[in-house]
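The values are calculated or read from the model by the stated rules, or taken from the named source; none is laboratory data. As the structure is a prediction and not an experimental result, all values here were calculated from the model. Glycine gets a Cβ as well: all are built from the backbone with ideal geometry, and neighbour counts include every protein chain shown.
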Amino acid sequence: MTPFIAELLGTGILILLGGGIVANDILEKTKGNGGGWMAITTAWGLAVFAGVVVAGPYSGAHLNPAVSIGLAVGGLFPWADVPTYILAQLLGAMAGSFLVYAMYKDHFDATEDGGLKRAVFCTNPAIPNNFRNILSEILGTFVLVFCVFYFSEAEINDGNGTTVGMGSIGAIPVAFVVWGIGLSLGGTTGYAINPARDLGPRIVHALLPIKGKIGSDWGYSWIPIVGPIIGAVIAALLFLLL
């Protein structure tokens, strides 16, 4: 397992489970229709856990370009590896979202609202306001990446000179942070907090011949890309300052 494959698989699992809960919650005639925000935020947290468990031992499980960039700014990850990680994350997100569509195809066809169909793939604001929408993405990603820095510091020495990290257990606090971000800060934009999570599936939405679909809203698409990157950089700079 190379870091590239690990990031691709981990991000794919993240989006398969994350996009899957959105499809299950909002598409017509699913078993989970109408599950609500608690179901969505909980499942996204668990999706992060699953992706991190798979990719963690091989790539560090960034699963998010903002995390890769933030760690590079903070000096904990080489800049030379950032493009490779971002490409893997983007491809993984695209693959995961395609699998969600393939599985829920009958329910996409049964749903008339094109906005709901698009929401399975990518985020959109509850109230369009570019300043507050990008602020939401900045703040949510800041919390995520700032916490990730401290999780990366959570290592102990076994007494024999060997540094021991948290291993797969480290996926649990990351999942809790994402869950908390969704519950507390996700109501304005749907908390992308991850450029690949939004851009990859948005591309897939644009390419798929989805019955009754509407446009992919490219005019908004820059916000869940730029906002998370700004939030990650601020988190890294504050971490270095402290």
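Observations, loosely collected:
Here's the yes/no breakdown for (1) on the phi > 0 side of the Ramachandran plot; (2) at pLDDT 95 or above; (3) among the charged types (D, E, K, R); (4) touching a Lys or Arg at 6+ places or on another chain (Cβ under 6 Å):
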site	(1), (2), (3), (4)
Gly161	yes, no, no, no
Val164	no, no, no, no
Leu183	no, yes, no, no
Ala196	no, yes, no, no
Trp222	no, yes, no, no
Gly227	no, yes, no, no
Ile230	no, yes, no, no
Val233	no, yes, no, no
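- Residues that are surrounded by 13 or more Cβ atoms within 10 Å (Cβ to Cβ) and aliphatic (A, V, I, L, M) within the stretch 127-154 comprise Ile134, Leu135, Ile138, Leu139, Val143, Leu144, Val145, Val148, listed in sequence order.
- The one condition in (1) touching a Ser or Thr at 6+ places or on another chain (Cβ under 8 Å); (2) buried (at least 23 other Cβ atoms within 10 Å of the Cβ) that Leu199 fails to fulfil: (2)
- From the list Gly182, Gly190, the one residue that fits, being in a loop (DSSP other than H, G, I, E, B), in contact (Cβ under 8 Å) with a residue 12 or more places away in the chain, within 23 Å of Gly10 (Cα to Cα) and touching a Ser or Thr at 6+ places or on another chain (Cβ under 6 Å), is Gly190.
- Subset of the stretch 39-65 [in contact with an Asp or Glu (Cβ under 9 Å, 6 or more places away or on another chain) and of a type outside the set (Gly, Ala, Ser)]: Ile40, Tyr58, His62, Leu63
- Residue satisfying all of: in the stretch 7-23; farther than 16 Å from Gly190 by Cα and not small (Gly, Ala, Ser); nearest to the chain's Cα centre (by Cα) among these: Thr11
- Helices (runs of 4 or more DSSP H) wholly inside the stretch 41-147 containing at least 2 residues that are touching a residue at least 40 places away in the same chain (Cβ under 8 Å) and either touching a Lys or Arg at 6+ places or on another chain (Cβ under 7 Å) or among the basic types (Lys, Arg) (or both): 105-110, 114-121
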